[in-house]
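What follows is a set of notes on a single structure, which appears directly below.
The values are calculated or read from the model by the stated rules, or taken from the named source; none is laboratory data. Because the structure is a prediction, the values reported are computed rather than measured. For neighbour counting, all protein chains shown are included, and Cβ atoms are generated from backbone atoms with ideal geometry for every residue, glycine included. These accessible areas exclude ligands, DNA and RNA; they are computed on the full protein's heavy atoms, side chains included. Shrake-Rupley method; radii C 1.70, N 1.55, O 1.52, S 1.80 Å.
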Amino acid sequence: MKAGSNFEKVLAAGHFAVTGELGPPQSNNIEVVKKKAGFLKGNIDAVNITDNQTSIVKMSSIAAAAICIQQGLEPVFQMTCRDRNRIAMQSDIFGASALGCLNMLCLSGDHPNFGNQKTSKKVFDIDSIQLIALAKRLRDERKLLDQEKQFNSELKLFIGGAGNPFSRPFEFRALRLAKKVMAGADFVQTQCVYDMERFRDWMKAVRDLGLHEKCYILAGVAPLRSADMAAYMAANVPGIVIPDGIMKRMNSVPKDKAGEEGIKISIELIEEIRQVEGIKGIHLMAIEWEHRAGEIIERAGLLPRPKVE
Amino acid sequence: MVKAKLKPLEEIFGMIRSYKKILTLSCGGCVSVCMAGGQREGMELTLELVEFFRQNRLDAEFTHYTMERQCNPEYLFDAEEIVREADCVISTACGAGVQYIAESHPSKPVFPALNTLFIGIDRDVGLYEERCRTCGDCKLGYTGGICPITRCSKSILNGPCGGTHFSDGSCEIDREIPCAWNDIFERLKSQGRLENILTVHPPSIWMDQAQRTMVQYGFEERYRKKE
């Protein structure tokens with residue numbers, strides 16, 4: 001056990017894991033976090049807390065993660081390389097750990113150009129793969145970057161990275177995942193999967209490299225709420241590919257039935273994803289739809305969540 | 001070479017409007033090559049400022065002079081007298097040139113006419129592309145001659161991030177900007193050098209944290225600090 005978190009135990013016990021996602025509010029409003037946590041609690045094994053996603057200022061991921069712990073929901077706190085140099089990163093990992101966070105996801109982070117602070121100075125002191133290596137060094141060697149002196153406490157951390165099967169260069173995407181595993185990733189959560197054919201190809205390349213045996217891979221699933229959302233994501237969000245078949249289905253139903261169609265598609269995708277060799281769980285990104293997450297997970301046959309010791 | 005672009009006229013006017021004897025000091029170096037602050041551009045700027053002052057009913061005497069280089073002591077003397085006679089200097093050099101003139105004439109207000117943008121290449125006449133951020137720890141050896149610090153919008157060393165567009169391999173921030181790491185991959189692959197990016201490259205040793213001074217090889221003895 002790297003951290004002994006519920007999430008890690010579920011995976012280690014061989015259960016098909018389910019993680020969720022919680023976007024902190026664009027304010028200091030604790031009630032929003034509590035409410036969203038309430039929807040997710042009991043339906044998932046752990047919840048990812050996004051770190052100023054799309055570069056829009058939100059409540060700190062570590063603070064929201066700590067609130068989730070108080071609510072009895074285990075967090076995976078996300079850390080991007082966009083806003084912190086290596087001093088702040090290591091300091092925040094210490095802080096998050098002290099607050100009881102056991103799972104961490106290391107990301108590059110969306111560029112500031114997307115958000116509401118476009119003229120800020122981007123940091124990117126180190127990259128997401130270097131962040132994984134840094135976190136592993138803190139945990140396994142109890143050493144800061146470039147420092148040989150050990151600190152004298154134990155740091156438990158289950159370290160994750162993102163995988164993207166749907167970006168160019170396709171040929172390099174599994175090889176880049178190998179670099180994350182090499183750096184120390186214990187688990188990987190992928191970008192939202194809609195294109196099963198390409199996802200299966202990517203997983204084949206991942207298996208050929210033996211990566212599915214070196215880290216736990218969870219496939220990203222994001223329910224489409226409307227045809228407009230699908231069209232927007234396909235056109236604008238890098239790393240998202242929505243096949244024509246799914247677009248047609250979203251367009252073929254009346255607006256008020258689109259959400260239900262999106263959920264149906266998600267459930268079918270989860271069913272197909274479970275058949276892919278080497279996949280150990282799903283990461284459900286019900287963005288601003290946390291209240292529907294439980295229903296999706298239940299209809300996918302993934303409730304109740306396992307109790308592990 | 002260094003690439004720069006003229007500031008808005010209003011901004012320049014705002015800096016110099018209270019002065020009566022104004023010298024526009026052009027530079028014959030890089031800014032001349034990129035057509036931002038050479039002799040011709042300096043003359044044009046002077047004429048435009050004369051007109052701007054006239055429209056704003058302000059009186060000032062303008063002079064224009066072009067130095068060979070504003071970043072080199074060899075050429076300082078050429079402009080010494082003309083600078084001394086002016087109330088203020090509006091320099092069309094890069095940031096380095098402006099500072100060197102200001103340092104050489106500490107009692108004289110020296111203002112920048114340009115925004116210094118980057119070290120880049122001349123794609124065509126009047127069209128320039130950034131290529132180097134002077135990080136001080138050149139990575140081009142393992143990246144197929146494509147700079148990840150400059151060309152990747154996140155300056156990452158183990159790219160590409162997940163933001164490369166599916167359809168055209170462009171960067172997540174702009175469809176017009178090709179993903180540097182997609183290009184690095186393609187070039188290394190075509191040269192049979194993919195192994196260069198299959199290992200984890202360690203964090204950068206950032207050299208730009210404090211002002212740098214460089215002593216060229218062969219000159220160590222000459223500039224050795226006295227104990």
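Along the charge dipole of chain B, which of B:Cys132, B:Met35, B:Ser107 sits closest to the positive end, that is, farthest toward it, with unit charges on the beta carbon of Lys, Arg, Asp and Glu (+1, +1, -1, -1)?
B:Cys132
Before anything else, pin down the relative contact order of segment B:133-227: Cα pairs under 8 Å, at least 6 apart, normalised by residue count, whole percent.
Relative contact order for segment B:133-227 comes out at 29 percent.
Other chains' Cβ within 10 Å of A:236-248 residues: what's the mean?
Neighbouring Cβ atoms belonging to other protein chains average 2 per residue here.
A:Thr190: accessible area at probe 1.4 Å, nearest 10 Å²?
Approximately 10 Å² of A:Thr190 is accessible to the 1.4 Å probe.
Which length gain, in nm to one decimal place, applies between B:Ser190 and B:Met15 when the Cα-Cα distance is subtracted from 0.36 nm times their residue separation?
Going from the current span to full extension adds 57.8 nm.
Can you bin every Cα-Cα distance in segment A:6-299 into 5 Å intervals starting at zero and give me the percent of pairs per bin, rounded to whole numbers?
Reading upward from the zero bin: 1, 5, 12, 16, 19, 18, 15, 9, 3, 1, 0, 0, 0.
Once amide H atoms are placed 1.01 Å from N in the peptide plane, what residues at a sequence separation of 5 or more from B:Leu117, or on another chain, have their amide H within under 5 Å of its amide H?
Residues meeting the amide H criterion: B:Lys3, B:Ala4, B:Lys5.
What are the extents of the Cα atoms of the protein assembly as shown along their three principal axes, in Å, largest first?
86, 64, 50
In peptide A:121-133, how many Cβ atoms from other protein chains are near each Cβ within 10 Å, on average?
Per residue, the number of nearby Cβ atoms from other chains is 5 on average.
If you find the alpha carbon centre of segment B:120-176 and of segment A:146-164, how far apart are they in angstrom?
For segment B:120-176 versus segment A:146-164, the Cα centre distance is 30 Å.
Can you tell me the relative contact order of segment A:56-185? Whole percent, Cα pairs under 8 Å, sequence separation 6 or more.
After rounding, I find 25 percent.
I'd like to compare A:214-220, A:268-274, A:200-206: which one has the highest average count of other Cβ atoms within 10 Å, and what's the full order after that?
A:214-220, A:200-206, A:268-274
In nm, give the distance between the simple-model label positions of A:Leu145 and B:Asp59, each being 7 Å from the Cα along the Cα-to-Cβ direction.
6.1 nm
To the nearest 20 debye, what charge dipole does chain B have about its Cα centre, counting +1 at the Cβ of each Lys and Arg and -1 at the Cβ of each Asp and Glu?
480 debye
Under the definition of partner shielding as Cβ atoms of other protein chains within 10 Å of a residue Cβ, what is the mean value for peptide B:164-170?
Mean partner shielding for this stretch: 6.
How much of the accessible area of the protein assembly as shown, probe 1.4 Å, is carbon plus sulfur, in whole percent?
Carbon with sulfur: 50 percent of the solvent-accessible area.
Grab the other residues whose beta carbon is less than 12 angstrom from that of A:Glu21, score K and R as +1, D and E as -1, and report the net.
Charge balance near A:Glu21 sits at -2.
Taking 35 Å as R0, compute the FRET efficiency from the Cβ-Cβ separation of A:Leu99 and A:Met182 and round it to 0.05.
0.75
If r is the Cβ-Cβ distance from A:Glu154 to A:Asp228 and R0 is 51 Å, what FRET efficiency results, to the nearest 0.05?
Once the sixth-power term is evaluated, E becomes 0.55.
Report, in debye and to the nearest 20, how large the dipole of the protein assembly as shown comes out about its Cα centre when Lys and Arg carry +1 and Asp and Glu carry -1 on their Cβ.
In total the dipole reaches around 1160 debye.
Mind checking which of A:Phe124, A:Ala37, A:Gly160 is farthest towards the positive end of segment A:6-299's charge dipole, using Cβ charges of +1 (Lys, Arg) and -1 (Asp, Glu) about the Cα centre?
Going by the Cα projections, it comes out as A:Phe124.
Taking amide H atoms as placed 1.01 Å from N in the peptide plane, list the residues 5 or more away in sequence, or in a different chain, whose amide H sits under 5 Å from that of A:Phe158.
A:Asn103, A:Met104
Can you compute the radius of gyration and Dmax for segment B:133-227, using only the Cα atoms, both in Å?
17.3, 62
Rounded to the nearest 5, what % of the DSSP beta bridges within segment B:2-118 are antiparallel ones?
Among the beta bridges of segment B:2-118, antiparallel pairing accounts for roughly 20 percent.
Just which residues of segment A:172-193 lose 50 Å² or more accessible area with every protein chain there, against their chain alone, with the probe set to 1.4 Å?
Those are A:Phe172, A:Arg176, A:Lys179, which lose 50 Å² or more relative to the chain on its own.
Full-extension gain between A:Arg200 and A:Ser91, please, as 0.36 nm times their residue separation minus the C-alpha to C-alpha distance.
Length gained between A:Arg200 and A:Ser91: 35.4 nm.
Determine, for each peptide in A:95-105, A:231-241, the mean count of other beta carbons within 10 angstrom over its residues, then list the peptides with the highest first.
A:95-105, A:231-241
Order of B:38-50, A:284-296, A:15-27, B:131-143 by packing, highest average Cβ count within 10 Å first?
A:15-27, A:284-296, B:38-50, B:131-143
What is the distance in Å between the Cα centroid of segment A:1-32 and that of segment A:72-96?
15 Å
Evaluate the relative contact order of chain B (contact order divided by residue number), counting alpha-carbon pairs under 8 angstrom at least 6 apart; express in whole percent.
Worked out over chain B, it gives 17 percent.
Taking the Cα centre of segment B:1-49 as the origin, how large is its charge dipole in debye, to the nearest 20, when only Lys and Arg (+1) and Asp and Glu (-1) carry charge on their Cβ atoms?
Around 140 debye, computed over segment B:1-49.
What does the C-alpha gyration tensor say about the overall shape of segment A:155-309? Classify as rounded when a/c is under 1.5, otherwise prolate if a/b is larger than b/c, or oblate.
Since a/c reaches 1.5 but b/c is at least a/b, the shape of segment A:155-309 is classed as oblate.
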